[in-house]
Every structure is written in C-alpha cells, then in structure tokens.
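The structure under discussion appears below in the form of structure tokens.
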Amino acid sequence: MLERPKLLYPAVLVLLGLGTPCVMAQESVTFSAEQVEAGKALYQETCQICHGSSLANGQFGTPLRGNYFRNNWKGKSAGELMQFVYEKMPPDNLMSLAPEQIAAAVSYILSRNDVMPADTALTGDQLEAMAPVLPWE
C-alpha cells in the first residue's frame, strides 16, 4: 500500500485557498456631522430622561457611553444597534422613531463614544447598516 505524503495536502489546500480562513474586509461605520447634531436634539428630547445628560448618568437607562456600552456592542453591527433602538426605544412608545431619527440617534451615541463623523451619512436602512461593524475590540 502506498503511503501518501502528509505535507502534500496542507500545501494543496493552501494553493486552492481552502487551508486559510477567508477574511473579508469589514466596512467601517460612518455617519455625518449633520446626523450627530440631529441626533443630539432627538436624544435631549427623547432619551435623556432615562439615559442622562452625559449618556452615562441616567436614573433608569443603561449607559450609552463608555466601557459598558462599548463592551455590550463591540463586534456587532450598526444595523443591530439600530434594530435594537427601533424595537426597544423609547420604552413608553416602542417602534415610534422613523429610520432617519434612529440613524441620527445612533450617530450621536457613536460620536459620544469616540467615533468620528465622516462625509457619508449612516443609512436609515437597517439591512444596509448590517455590514458596518462597530469599532470597539
């Protein structure tokens, strides 16, 4: 019986691209400065009562700024965060925010977590926003 060389298979797999993990470049989340300003106004009107003026000093809501927030959302997409906001916020008026309002609120929250605005606005379409992963590791 012929013995197969053991090193041949890994080499062939690498050449075929099967022996290395497929790593796709992840898109960065982007939002505009205008969205941040709109989100700030919406936050002050709708969210501040629970989450506090600093996004981390609320009496009723979890922190939306700092380590707690970042650890909770790291590795997740902007679309997942937007979906959560749509389904769960504000608790007394669920699913009441328009997609543009959600994108603005998320933009403001991200800006307060050291994510800088860019030229491209965050889309209000949650499915489109599923690709950009939030930046915290």
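Since every read-out is calculated from the coordinates, none of them should be taken as a lab result. Quantities reported herein were computed from a predicted structural model and do not represent experimental measurements. Here the Cβ positions follow ideal geometry from the backbone for every residue, glycine too, while neighbour counts run over all protein chains shown.
The figures follow:
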| quantity | calculated |
| --- | --- |
| Estimated distance in nm for a label pair at Ser28 and Tyr68, the labels positioned 7 Å out from Cα along Cα-to-Cβ | 2.9 nm |
| Förster radius 30 Å - calculated FRET efficiency between Leu127 and Gln59, Cβ distance, rounded to 0.05 | 0.30 |
| Computed E for Thr120/Glu80 - FRET, C-beta separation, R0 25 angstrom, nearest 0.05 | 0.85 |
| Inter-centroid distance (Cα atoms) of the range 67-83 relative to the range 97-133, Å | 12 Å |
| Fewest-first ranking of Phe69, Phe60, using other Cβ atoms within 10 Å as the exposure measure | Phe60, Phe69 |
